[in-house]
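What follows is one structure encoded as structure tokens, with my remarks underneath.
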Amino acid sequence: MRAQSRLGLFLLLTPLLLWLTLLIVIPHIDMLLVSLRERVGVGEYRTSLANYLTFLTEPLYLWTFLRTALMSVLATALTLLIAFPVSYYIAKIAKGRVQSALFLLCLVPFWVSELVRTFGWMILLRETGVFSGLLQWAGLVDGPVEMLYNDVAMMVGLVYTSMLFMVVPLVTTLESLDDSVIEAGYDLGGSGPSILREIVIPHAMPGIVSGCIVVFMLSLGNYLTPTMLGGKESLWFTELIYSQFIVRFNWELGAAFGFMLLLLSSVIVWAVLRLTGQTLEKTMG
Amino acid sequence: MIPSIRQPRAVRLAYNAYVALFFVYLALPLAVVSVFAFNDSQFPSLPWEGFTWAWFFGDARPVIGVFHERPILRAIGTSAFVGLCVSLLSVAVGTCNAFLFNRHRFRLRGLLYVLMLLPLVIPGIVLGISILVFSSTLANGVEDGMGWDIEALRPGLVLVVLGQFSFITTIATLVISARLRKFDESLEEAALNLGAGRLTAVRTVTLPFLAPAMIGAFVVAFLMSFENFNTTLMLVGSDAPLTITMFDRLKEGSTPVLNAVSLLLMIGSSLLALGMIAFQKKS
């Protein structure tokens, strides 16, 4: 029996280890090694930090990196602010059929590709688009208005694209909050805001944390939305990675960029988990 | 703010209006994409030129509908093929992982569990480039060492499948684990007492119990693979899946044929997802 169980353990471990080592661990180590390589001649390389120095000394790279980070934080905060009241409504105020229907409606947009959603925003916002047409029809503006290709359009797209990943964890944690606890809060003289601050938000914390982590990751790693909705000024860090890899074929620098992106996301995820006293196993698993 | 506690009428109205506005915001982009699939114009934008089915069924220039547009049909086929491969692989590995983490206690279990979750917090584009870098290191090594050029290690469908598999497996594992945790192990013991072997017991008792979760994981994996963009973008070769083909078209500025494809996608994935929910409710 014991030998059999050892064999079972071994058989079950094999696919997991193959997957994690060949597709996750070794590729990332290899990417790190490539990023530490400097081309000195044709087919000749030496180990150096040159790519990271380029990253730090070229203002465009560093600036884009910081901008991407800040804009992703902003997108996460906006998503949380917009999603929280809606999630609370679905979890605590809607009942029965309405509740499940609303929840399902939240999921629908995310069964279609991000590309389709971005395309929708392009049709709405562009010069010959729906909003511009409506404004002209209402007589508010004289000519067509271009609302696409700027930071606001990009932010609208980013928030839209990651909404689901905030709503689902929030609804799940809020649903587990017992109504009687809130009633008790009112009985003890609490007001709306103080109950929100002292009962509802602490209870929803695991959902808030996991929602924020996922939304932040998705915004940081997004390529489609900044490319299609953002303007010339709204360069995103993933666009730099793409251009180093595919357009310029400078893999060494591209790998260094990739590693910086990975580092940034890991540091922020770690810091958020640390600050809120959560663990990755609890928030994701 | 719960129904049993009265709130001023104005507050309630404002709250309801906010939630309604939110759903309008959610529906708007999808609604306009669908509506403009029927616009009888070369561009998916205003002015409205009248209703037409031509972007679905048109078969002559300049109006070629989806069903006669070869490159798009081929891209749908590619996406479906990639999706099936990814779903099969990730459900298989995900089931193994679920059994491993639920049934076995071993050294490094905690570490492996965290490693298993990591792909969820690695940006898709980084997953893509790391696999691209590693596979070409391997391919170059093999070519220099033995003179073989292994086509599968160059950007193309094999790498796309592996790249998507690398993070979708985590999701499959989580979905299947959640159901396995609810399984009453005494049922399996009963099967063993009745003389079944270990494998027979798992096959006839545990796996049927897991089936809904496995099918659910399969559908989710398929949808995620079908709509994946970031990882695929870095690994794609000459056979582009649908999202990449559509992206290239969109950059050039396309005809409403893209709206028609999008509408078909929406209908397809909604049906798939609704079917899955109905199936899950039944079991």
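Being over 19 Å from A:V116 (Cα atoms) and open to solvent by less than 60 Å² (accessible area, probe 1.4 Å) is the filter here; which residues of the range B:23-43 pass it?
Within the range B:23-43, the subset over 19 Å from A:V116 (Cα atoms) is B:40-41.
Correct list: B:S41 only.
How many residues does the range A:231-251 contain that are more than 21 Å from the chain's Cα centre (by Cα) and open to solvent by less than 10 Å² (accessible area, probe 1.4 Å)?
Adding up the residues that qualify gives 2.
Given the conditions (1) away from chain A (no Cβ under 14 Å); (2) assigned to a helix (DSSP H, G or I), which single one is not true for B:G195?
Every listed condition holds for B:G195 apart from (2).
Of the conditions (1) touching a helix residue (DSSP H, G or I) at 6+ places or on another chain (Cβ under 9 Å); (2) more than 10 Å from chain B (Cβ to nearest Cβ); (3) farther than 24 Å from B:L118 by Cβ, A:P193 satisfies every one except a single condition; which number is it?
Every condition holds for A:P193 apart from (1).
Let me spell it out: the conditions are (1) surrounded by fewer than 16 Cβ atoms within 10 Å (Cβ to Cβ); (2) within 14 Å of chain A (Cβ to nearest Cβ); (3) touching a residue at least 12 places away in the same chain (Cβ under 8 Å), and B:F167 meets all of them except one. Which number is the exception?
Status for B:F167: all satisfied but (1).
Within the range A:254-285, can you find the residues that are open to solvent by 10 Å² or more (accessible area, probe 1.4 Å), more than 9 Å from every other protein chain (Cβ to nearest Cβ) and in contact (Cβ under 8 Å) with a residue 12 or more places away in the chain?
Selection gives A:M260, A:L264, A:I268, A:V272, A:L273, A:T276, A:Q278, A:K282, A:T283.
Each row is one residue, and each column tells you yes or no for (1) under 30 Å from B:L223 (Cα atoms); (2) part of a loop (DSSP other than H, G, I, E, B).
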{"residue": "A:L124", "(1), (2)": "yes, no"}
{"residue": "A:E127", "(1), (2)": "no, yes"}
{"residue": "A:L158", "(1), (2)": "yes, no"}
{"residue": "A:V167", "(1), (2)": "yes, no"}
{"residue": "A:P193", "(1), (2)": "no, no"}
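Among A:L53, A:L74, A:L81, which is exposed (fewer than 14 other Cβ atoms within 10 Å of the Cβ), away from every other protein chain (no Cβ under 12 Å) and within 27 Å of A:F237 (Cβ to Cβ)?
Criteria check complete, one pass: A:L53.
Tell me, yes or no, whether the range B:150-158 has at least one residue that is buried (at least 22 other Cβ atoms within 10 Å of the Cβ), touching a residue at least 24 places away in the same chain (Cβ under 8 Å), under 23 Å from B:F226 (Cβ atoms) and not aromatic (F, W, Y).
Within the range B:150-158, none of the residues are buried (at least 22 other Cβ atoms within 10 Å of the Cβ), touching a residue at least 24 places away in the same chain (Cβ under 8 Å), under 23 Å from B:F226 (Cβ atoms) and not aromatic (F, W, Y).
Of the residues B:G163, B:G141, B:G128, which is in a helix (DSSP H, G or I), small (G, A, S) and modelled with pLDDT under 90?
Details: B:G163 fails: modelled with pLDDT under 90; B:G128 fails: modelled with pLDDT under 90.
Only one candidate qualifies: B:G141.
Within the set of pairs 6 or more residues apart or between chains, which connect a residue that is closer than 22 Å to A:F216 by Cα inside the range A:54-72 to a residue that is open to solvent by 20 Å² or more (accessible area, probe 1.4 Å) and assigned to a helix (DSSP H, G or I) with Cβ atoms less than 7 Å apart?
Listed pairs, sorted by first residue: A:L62/A:L56; A:F65/A:M260; A:A69/A:L264.
Collect the residues in the range A:116-132 that are within 24 Å of the chain's Cα centre (by Cα) and more than 7 Å from every other protein chain (Cβ to nearest Cβ), keeping them in residue-number order.
Selection gives A:T118, A:M122, A:L125.
Check A:S35 against each of (1) more than 10 Å from chain B (Cβ to nearest Cβ); (2) among the small types (G, A, S); (3) open to solvent by less than 20 Å² (accessible area, probe 1.4 Å) and name the one condition it does not meet.
Against the list (1) more than 10 Å from chain B (Cβ to nearest Cβ); (2) among the small types (G, A, S); (3) open to solvent by less than 20 Å² (accessible area, probe 1.4 Å), A:S35 comes up short only on (1).
Looking at (1) within 13 Å of chain B (Cβ to nearest Cβ); (2) open to solvent by 10 Å² or more (accessible area, probe 1.4 Å); (3) closer than 30 Å to A:E183 by Cβ, find the lone condition where A:V209 falls short.
If we test A:V209 against (1) within 13 Å of chain B (Cβ to nearest Cβ); (2) open to solvent by 10 Å² or more (accessible area, probe 1.4 Å); (3) closer than 30 Å to A:E183 by Cβ, just (2) comes out false.
Looking only at the range B:85-104, filter to residues that are open to solvent by less than 10 Å² (accessible area, probe 1.4 Å) and of a type in the set (A, V, I, L, M); which one of those is nearest to the other protein chains (Cβ to nearest Cβ)?
B:L100
Looking only at residues in the range A:218-243 that are in a loop (DSSP other than H, G, I, E, B) and within 12 Å of chain B (Cβ to nearest Cβ), which one is nearest to B:T245 (Cα to Cα)?
That would be A:Y223.
Sort out which residues of the range B:246-270 are more than 10 Å from every other protein chain (Cβ to nearest Cβ), open to solvent by 20 Å² or more (accessible area, probe 1.4 Å) and β-branched (V, I, T), and write them in order of number.
Matches in the range B:246-270: B:T255 only.
Step by step: first the residues of the range A:1-18, then only those that are within 30 Å of A:L263 (Cβ to Cβ) and in contact with a helix residue (DSSP H, G or I) (Cβ under 6 Å, 6 or more places away or on another chain), then the one that is least open to solvent (accessible area, probe 1.4 Å). Which residue is that?
First, pick out the residues of the range A:1-18 that are within 30 Å of A:L263 (Cβ to Cβ): A:13, A:15-18.
Still in the list and also in contact with a helix residue (DSSP H, G or I) (Cβ under 6 Å, 6 or more places away or on another chain): A:15-16.
On the way: A:P15: 32, A:L16: 0 Å².
Ranking the qualifying residues of the range A:1-18, first place goes to A:L16.
The values are calculated or read from the model by the stated rules, or taken from the named source; none is laboratory data. None of these values were measured; they are calculated from a predicted model. Counting neighbours? That spans all protein chains shown, and the Cβs are built from the backbone with ideal geometry, glycine included. Heads up: the accessible areas ignore ligands, DNA and RNA and are worked out on the full protein's heavy atoms, side chains in. Shrake-Rupley method; radii C 1.70, N 1.55, O 1.52, S 1.80 Å.
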